[in-house]
Amino acid sequence: MLWWSCVAALVAIFVGLSRLYRPQLALGVVVGISLLFPAWFTLQVLPTSGTVVATGVDVKVAVCSICLLLYCWMPGRTFPVVPAPVDYLVAGLILVHLISDMTQDGLHVLPVLRAAAEWYLPYMVGRLALQSRSDLEQLWPVLASVAGALALFALIEAGFNWNPWEALAGSRPLEGVRRDASRWGIKRAYGPCLHPLYFGSQLFLLSVWVFFAAQRALRR
């Protein structure tokens with residue numbers, strides 16, 4: 001019930017912002033907020049196997065899917081019609097993912113669904129949410145705030161050995177890294193993600209929004 005409530009609330013925010021402003025802005029805001037939800041907070045759709053990957057749908061994937069579908073019918077929606085080099089690069093990345101998974105696991109639909117959830121959905125959201133300079137100007141406060149919140153929680157987890165997401169959504173499933181793993185005597189933070197390396201990569205990629213916010217503050 002809680003999972004459904006979270007997804008419904010974010011979708012409602014998307015619809016409301018789309019009507020008040022633009023669907024592009026609403027898409028970026030809502031999906032940015034969804035990064036704060038833990039990856040193991042899922043709706044189970046497949047039988048549990050030896051891994052938690054692809055056995056359930058988390059809040060981010062659900063919100064991306066529903067909002068992308070709704071976006072197609074929102075007034076004021078626009079679609080990039082001219083392919084850019086990055087489009088072909090992402091298509092190649094998805095193809096490598098599929099070849100790698102199908103070579104290891106065989107030919108079936110699960111690798112396709114996993115590649116769509118991990119690469120295609122977030123890429124399409126970003127492609128639609130950031131179509132012009134004005135989109136960047138309107139989205140940066142939200143995404144910089146999300147990045148700052150994640151970084152603060154990472155410091156709390158590393159310094160006090162306490163993960164706020166586990167307090168809300170239960171213990172993180174073990175996915176190759178112990179919960180007490182440390183490096184140089186400091187606990188490895190995994191935040192709302194399943195692996196500390198993935199969380200670190202997420203923080204690194206989100207840091208550009210913080211630097212952009214800092215640049216604007218210094219110039220003003």
Expressed per residue, the solvent accessible area of the stretch 1-153 in Å² (1.4 Å probe) is about 54
Between VAL7, GLY185, TRP140, whose Cα lies farthest towards the positive end of the dipole of the chain when Lys and Arg beta carbons carry +1 and Asp and Glu beta carbons carry -1, centred on the Cα centre? TRP140
Using a probe of 1.4 angstrom, how much of the accessible area of the stretch 81-220 is carbon and sulfur, in percent? 69
Whether the stretch 105-214 is rounded, prolate or oblate, judged on the alpha carbon gyration tensor where a/c under 1.5 counts as rounded: oblate
Enter the mean projected area of the convex hull around the alpha-carbon atoms of the stretch 27-153, in nm², rounded to one decimal. 9.5
Which residue fluctuates most in the GNM of the chain (Cα springs below 10 Å): TRP119, TRP73, TRP184? TRP184
Taking the Cα centre of the chain as origin, sum charge times position over the Cβ atoms of Lys and Arg (+1) and Asp and Glu (-1), and report the length of that vector in debye to the nearest 20. 620
Quick check: residue separation of LEU152 and TYR198 times 0.36 nm, minus the Cα distance between them. What number comes out in nm? 14.9 nm
For the stretch 68-129: Kirkwood Rh in Å [reciprocal of mean 1/r, alpha carbons]: 13.1
Can you pull the three principal axis extents for the Cα set of the chain, in Å, largest first? 49, 47, 38
With θ set to phi - 60°, apply the Karplus curve 6.51 cos²θ - 1.76 cosθ + 1.60 along the stretch 198-214 and write out the HN-Hα couplings as whole Hz, x wherever there is a Gly or Pro. 5, 5, x, 5, 4, 4, 4, 5, 6, 5, 4, 5, 5, 5, 5, 4, 5
In nm, spacing of pseudo-spin labels at ALA9 and VAL96 (7 Å Cα→C-beta vector): 3.8
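The values are calculated or read from the model by the stated rules, or taken from the named source; none is laboratory data. Nothing here was measured: the structure is a model prediction, and the numbers come from that model. Note: ideal-geometry Cβ built from the backbone for every residue, glycine included; neighbour counts use all protein chains shown. We work out accessible area using only protein heavy atoms, side chains counted, and drop any ligands, DNA or RNA first. Shrake-Rupley method; radii C 1.70, N 1.55, O 1.52, S 1.80 Å.
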